[in-house]
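The values are calculated or read from the model by the stated rules, or taken from the named source; none is laboratory data. No experiment lies behind these values; they were computed from the predicted model shown. FYI the Cβ positions are ideal-geometry reconstructions off the backbone, even for glycines, and counts take in every protein chain you see. Just the protein is used for accessible areas: all its heavy atoms, side chains included, with ligands, DNA and RNA removed. Shrake-Rupley method; radii C 1.70, N 1.55, O 1.52, S 1.80 Å.
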Amino acid sequence: MSLNLVKSQKTFGGFTNVYEHDSNATGTKMTISIFLPPASTDAGTKLPVVYWLSGLTCSHLNFIEKAGAQRVAAELGLVLVCPDTSPRGHPSIEGENDSYDFGSAAGFYVDATTDAWKVNYNMYTYVTKELPTVVQGNLPVDGTRASIFGHSMGGHGALSLGLKNPGMFKSVSAFAPICNPCECPWGQKAFTGYFGADNKSMWEAHDSTHLVKDFKSATGAPLKILCDQGTADNFFTDGQLLPEAFVAASTQNKDVEVTMRMQEGYDHSYFFISSFVEDHLRFHAQELGC
């Protein structure tokens, strides 16, 4: 499967590119932003990759344009891959664009099972199978050295995908993740729509607070997870994120090593993300052997 280059802009000696490709997982065209560091032009080089999953209302552009990550990624030799947050524009799905927290831009990184959504809303398969295959097949990326991080809904995605796939990612991190979607309004709405109200086993299979209890390391070493949560985040204070539940669950499992940093006065925005993104990139670079 090939990538079609839509746009390329030189950035810190590397390139911030936008690509499109036809997706078998979603049945739509998908768009990806990818930063290739200067080292990507070296002949025969295969570089470590960090996947970023964005949150509700976002697209492939939010992180790459607002986080200020390219400077550090260029220094560390990290490829950054930023997929879209859902399939888009499928005319047969009624209500796809009716709300900000379900449907378009709100795929929750799951494979839907309900009839209306299961054909196209397969973001779990897209991110864990198709996207890595496309990236590794077209770009100088070492698939054995991959990590993942994300924000809010994308933080949920990073945590849950990392915990559901031992060995796929060397490290996991998140900003203000939805840690316990079974118990918060955002998660309950999404999981009801994508899985059905009575399919609670599937809900729990994508809830990081449930997953972290039973995670088994593929290497024998604990999976390191770094999270940052702002204390002035209104979604945190409104009970949408529930990091305390995730931390409590993680303490029961020696196969994970969770660091949850409460950042005083920070909110849910990209001002928060840009303040600590360097920490996250250096955390991943260390685990990736950079």
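Can you report the number of residues in the range 176-198 which are without any contact (Cβ under 8 Å) to a residue 40 or more places away in the chain and part of a loop (DSSP other than H, G, I, E, B)?
Matching residues across the range 176-198 total 2.
Which of the residues that make up the range 117-128 are surrounded by fewer than 20 Cβ atoms within 10 Å (Cβ to Cβ) and either touching an Asp or Glu at 6+ places or on another chain (Cβ under 7 Å) or under 14 Å from His21 (Cβ atoms) (or both)?
Selection gives Thr125 alone.
Conditions tested, residue by residue: (1) over 16 Å from Gly150 (Cβ atoms); (2) of a type in the set (Ser, Thr, Tyr); (3) touching a strand residue (DSSP E or B) at 6+ places or on another chain (Cβ under 7 Å).
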{"residue": "Gly55", "(1), (2), (3)": "no, no, yes"}
{"residue": "Glu75", "(1), (2), (3)": "yes, no, no"}
{"residue": "Gly89", "(1), (2), (3)": "yes, no, no"}
{"residue": "Ser99", "(1), (2), (3)": "yes, yes, no"}
{"residue": "Asp111", "(1), (2), (3)": "yes, no, yes"}
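Taking Arg71 as the residue in question, decide whether it is in a helix (DSSP H, G or I), out of contact with any Leu (no Cβ under 9 Å at 6 or more places or on another chain) and open to solvent by 30 Å² or more (accessible area, probe 1.4 Å).
yes
Rundown of residues vs (1) touching a helix residue (DSSP H, G or I) at 6+ places or on another chain (Cβ under 8 Å); (2) farther than 17 Å from Gly157 by Cβ; (3) surrounded by fewer than 23 Cβ atoms within 10 Å (Cβ to Cβ), yes/no style:
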| residue | (1), (2), (3) |
| --- | --- |
| Asp22 | no, yes, yes |
| Ala25 | yes, no, yes |
| Phe35 | yes, yes, no |
| Ser54 | yes, no, no |
| Thr57 | no, no, yes |
| Gly77 | yes, yes, yes |
| Val81 | yes, no, no |
| Gly95 | no, yes, yes |
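Taking Val119 and the conditions (1) part of a helix (DSSP H, G or I); (2) farther than 26 Å from Glu287 by Cα; (3) not basic (Lys, Arg), which numbered condition does it fall short on, given that it satisfies the others?
For Val119, the exception is condition (1).
With the checklist (1) more than 21 Å from Phe191 (Cβ to Cβ); (2) free of Cβ contacts under 8 Å to residues at least 40 places away in the same chain; (3) part of a loop (DSSP other than H, G, I, E, B); (4) not acidic (Asp, Glu) in hand, flag the one item Thr45 doesn't pass.
(2) is the only condition that Thr45 fails.
Which pairs have Cβ atoms under 6 Å, sit 6 or more apart or on different chains, and link a residue in the range 244-259 that is closer than 21 Å to Phe175 by Cβ and of a type outside the set (A, V, I, L, M, F, W, C) to one that is modelled with pLDDT of 95 or more and surrounded by 14 or more Cβ atoms within 10 Å (Cβ to Cβ)?
Going by the 6 Å Cβ cut-off, the qualifying pairs are Ser250/Val212; Ser250/Val256; Ser250/Val258; Glu257/Pro222; Glu257/Lys224; Thr259/Leu226.
On the basis of being crowded, with 20+ Cβ neighbours inside 10 Å and either in contact with a Cys (Cβ under 6 Å, 6 or more places away or on another chain) or not hydrophobic (A, V, I, L, M, F, W, C) (or both), does Phe272 make the cut?
So Phe272 does not fit the description; no.
Condition first: open to solvent by 10 Å² or more (accessible area, probe 1.4 Å) and in contact with a Cys (Cβ under 8 Å, 6 or more places away or on another chain). Now tell me which residues in the range 172-208 satisfy that.
Across the range 172-208, the qualifying residues are Gln188, Lys200, Trp203, Glu204.
For the range 139-168, which positions are under 17 Å from the mean Cα position of the chain (by Cα) and farther than 18 Å from Lys213 by Cα?
Gly143, Arg145, Ala146, Ser147, Ile148, Phe149, Gly150, His151, Ser152, Met153, Gly154, Met168
Determine if the range 152-171 includes at least one residue that is more than 30 Å from Lys46 (Cβ to Cβ), open to solvent by 10 Å² or more (accessible area, probe 1.4 Å) and at pLDDT 95 or above.
No: zero hits.
Considering only the range 231-245, I want to know if a residue exists there that is among the aliphatic types (A, V, I, L, M), surrounded by fewer than 13 Cβ atoms within 10 Å (Cβ to Cβ) and assigned to a loop (DSSP other than H, G, I, E, B).
No, the range 231-245 has no match at all.
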